[in-house]
Amino acid sequence: MTVSDESDPFVSRLDPSTRRTARKTGGSAVVVGGAMAGLAAAHALRALDWEVVLYERQSYAEKRVNCGEAMTGADAIPLPKTAEYGFANKPPAFEVDVFTGDTGSRTLAGKGVFPSTDAYVTDRNVVERKWAEQVAEDGVDVRESTGVTKAQFREFSEEFDLVVDATGQPSMASKVDGTTDEYAGRMTALNADVEGDFSDLYPNSLILFENYLGYSWAFPKSETRANVGIGWAQDNLPDDYYESFVAACERNGWPVPDRSAMNVYTIPRGPSLDPDRAWDAENCIARVGDAAGIANRFTGKGISQAVESSYLLAELAAEDRLDDYASELYDRMKNEYRLAYIVRGALEDGRPDILGGVMDAVSGIDVESVDREPKYAFSRLVRHPVLLAKLAANPTMLSRLLDAYTDNWEFRKQHA
Ligand SMILES: Cc1cc2nc3c(=O)[nH]c(=O)nc-3n(C[C@H](O)[C@H](O)[C@H](O)COP(=O)(O)OP(=O)(O)OC[C@H]3O[C@@H](n4cnc5c(N)ncnc54)[C@H](O)[C@@H]3O)c2cc1C
């Protein structure tokens, strides 16, 4: 691949002058963590002719990552969108149902249907394996089954021009700095692949809000196979979350997975990290993806965010503007943070009526645009006077609005 290869989704986003000069600025980079953020960083830096070494502590053949299997913004991933490459189902829409509770007497409080143009339900381990094979073919030195230690990570700043921390949350940079508590929030989620009859839903995907601080989902990969799961904000995590997952499957009519098939993961709720911490200029360390704390705080969605942060980093590297990375990343993400923070307030307050109203109002917007271009969602909200009146009458929603627009995020309060 060359910097002139415009069929490459990373290269095509560079402006022509950057493409012309990029080869002259190539340097050396080490990427630590080889999931979606790390693979995107390795791919993009290599496309700019950087010498890149990628460390992944797991083996791609055995990597167990069946979390985060709905990939929105998948056009940014330079792989054929076929089942062989892990892209199992292209859902035309994501359905979102808001219920008043999680018991048999629950009622539907609202519903949104979000069309998607380039989202896929994937076998994510396959996508990552294939992408790792591709970056290796492009010249990245991929060292799988090789975990980086804190001592090595410290030395990398001496050895490479750029250290990309793509290790998820809490990141290696936080571990090295002894600041693993610097992330202000996280979600815990359980999920599993199950076999069963999903023909009623397939090819669409379904997300259910059931009036707890979290949600459950069914992402069919075919009519007979789906990833199902449930997640909670950390302060709402039930004592026996395995049992709660079983109960969610039963009430929603999904097959109940064996406990041995259940995966448990944590994800940040962005902006859970002080955005300034995304770039350590002294040591040339950039955090991307979950390491930068940028997953969506409402939906927990973080793959397109991870890829976007890595491509942005590489773009700035090509322009010799790495010192702008933290502020540019924040500028790109802040409207998404704001929308997600405000909507999440309806969940925190136990107001399915408000959340249901929001879903009704924003229904029909492309699922990726809800994150990338939240102005469309905001403009829908202002056209719903009854909903606006409810929001205005709710003091905590108003204070959230104020916090969001004054950038008064939790990590500031936590570390004040
Ligand atoms: C249950 C669940 C469901 C989700 N569903 C979705 C979804 O449907 N859609 C979506 O967009 N997002 C989803 N998310 C969020 C999404 O999975 C994350 O935002 C995304 O994985 C972030 O990617 P990442 O590459 O930054 O980090 P991670 O995926 O956490 O990857 C970090 C990588 O670094 C490696 N690593 C860590 N430490 C070291 C080390 N010391 N040396 C070498 N390697 C190391 C790890 O092995 C891992 O491969 C979900 C999350 C969870 C928990």
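Is at least one residue of region 309-330 modelled with pLDDT under 85 and surrounded by fewer than 18 Cβ atoms within 10 Å (Cβ to Cβ)? Quick ask: steps written out before the conclusion?
Of the residues in region 309-330, the ones modelled with pLDDT under 85 are none.
No.
Could you list all residues from region 125-153 that are touching a residue at least 40 places away in the same chain (Cβ under 8 Å) and basic (Lys, Arg)?
Matches in region 125-153: Arg129, Lys130, Arg143.
Residues being surrounded by 23 or more Cβ atoms within 10 Å (Cβ to Cβ) and part of a loop (DSSP other than H, G, I, E, B): count how many of those fall in region 42-59.
Counting residues in region 42-59 that are surrounded by 23 or more Cβ atoms within 10 Å (Cβ to Cβ) and part of a loop (DSSP other than H, G, I, E, B) gives 3.
Of all residues in region 129-163 being within 14 Å of the ligand (Cβ to nearest atom) and small (Gly, Ala, Ser), which is surrounded by the most Cβ atoms within 10 Å (Cβ to Cβ)?
Ala132
Name the single residue that is farthest from the ligand (Cβ to nearest atom) among those in region 60-103 being of a type in the set (Val, Ile, Thr) and not in a loop (DSSP other than H, G, I, E, B). Give the steps one after another, and end with the answer.
First, the residues of region 60-103 that are of a type in the set (Val, Ile, Thr): 65, 72, 77, 82, 96, 98, 100, 103.
From the residues that got through so far, the ones that are not in a loop (DSSP other than H, G, I, E, B) too are 96, 98.
Details: Val96: 13, Val98: 18 Å.
In this case the residue turns out to be Val98.
Answer yes or no: is there a residue in region 333-355 that is buried (at least 17 other Cβ atoms within 10 Å of the Cβ) and closer than 30 Å to Ser28 by Cβ.
Scanning region 333-355 turns up at least one residue that is buried (at least 17 other Cβ atoms within 10 Å of the Cβ) and closer than 30 Å to Ser28 by Cβ.
Tell me which helices (runs of 4 or more DSSP H) are completely within region 299-416 and hold 2 or more residues being within 22 Å of the chain's Cα centre (by Cα), closer than 20 Å to Pro115 by Cβ and aliphatic (A, V, I, L, M), or say none if there are none.
Working: elements: 303-318, 325-348, 352-362, 367-372, 375-381, 385-392, 395-405, 410-414.
The helices (runs of 4 or more DSSP H) meeting that bar are 325-348, 352-362, 367-372.
Considering (1) surrounded by fewer than 23 Cβ atoms within 10 Å (Cβ to Cβ); (2) touching a helix residue (DSSP H, G or I) at 6+ places or on another chain (Cβ under 6 Å), say which one Cys249 fails and leave the rest.
(2)
Is it true that Val53 is within 11 Å of the ligand (Cβ to nearest atom) and either touching a Lys or Arg at 6+ places or on another chain (Cβ under 7 Å) or modelled with pLDDT of 95 or more (or both)? Before you say what the answer is, go through the steps one by one.
Numbers: within 11 Å of the ligand (Cβ to nearest atom): no; either touching a Lys or Arg at 6+ places or on another chain (Cβ under 7 Å) or modelled with pLDDT of 95 or more (or both): yes.
The answer is no for Val53.
Given the structure, is Asp193 of a type in the set (Asp, Glu) and more than 29 Å from Ala291 (Cβ to Cβ)?
no
Considering only region 270-291, state which residues are more than 8 Å from the ligand (Cβ to nearest atom) and assigned to a helix (DSSP H, G or I). Can you show your working first?
Taking region 270-291 and keeping what is more than 8 Å from the ligand (Cβ to nearest atom), we get 270-287.
Those that are more than 8 Å from the ligand (Cβ to nearest atom) and assigned to a helix (DSSP H, G or I): Pro275, Asp276, Arg277, Ala278.
Table: residues versus (1) more than 12 Å from the ligand (Cβ to nearest atom); (2) more than 18 Å from Arg297 (Cβ to Cβ).
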site: Ala189; (1), (2): no, no
site: Ala192; (1), (2): no, yes
site: Gly196; (1), (2): yes, yes
site: Tyr215; (1), (2): no, no
site: Phe219; (1), (2): no, yes
site: Arg225; (1), (2): yes, yes
site: Ile230; (1), (2): no, no
site: Pro238; (1), (2): yes, yes
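Report whether or not Ser17 is outside any loop (DSSP other than H, G, I, E, B), farther than 30 Å from Ser199 by Cβ and assigned by TED's automatic domain parsing to the domain that holds Leu190.
yes
Given (1) in contact with an Asp or Glu (Cβ under 8 Å, 6 or more places away or on another chain); (2) surrounded by fewer than 20 Cβ atoms within 10 Å (Cβ to Cβ), where does Ala393 come up short, assuming only one miss?
(1) is the only condition that Ala393 fails.
Looking for something of a type in the set (Gly, Ala, Ser), within 16 Å of the ligand (Cβ to nearest atom) and more than 24 Å from Gly214 (Cβ to Cβ) - is there at least one such residue anywhere in region 378-394?
no
Could you tell me which of the residues Ala189, Ala184, Ala166 is at pLDDT 95 or above and crowded, with 21+ Cβ neighbours inside 10 Å?
Exactly one residue qualifies, and that residue is Ala166.
The values are calculated or read from the model by the stated rules, or taken from the named source; none is laboratory data. Here the structure is a predicted model, which is why all the values come from computation and not from measurement. Neighbour counts are summed over all protein chains in view; Cβ atoms, including those assigned to glycine, are modelled from backbone coordinates with ideal geometry.
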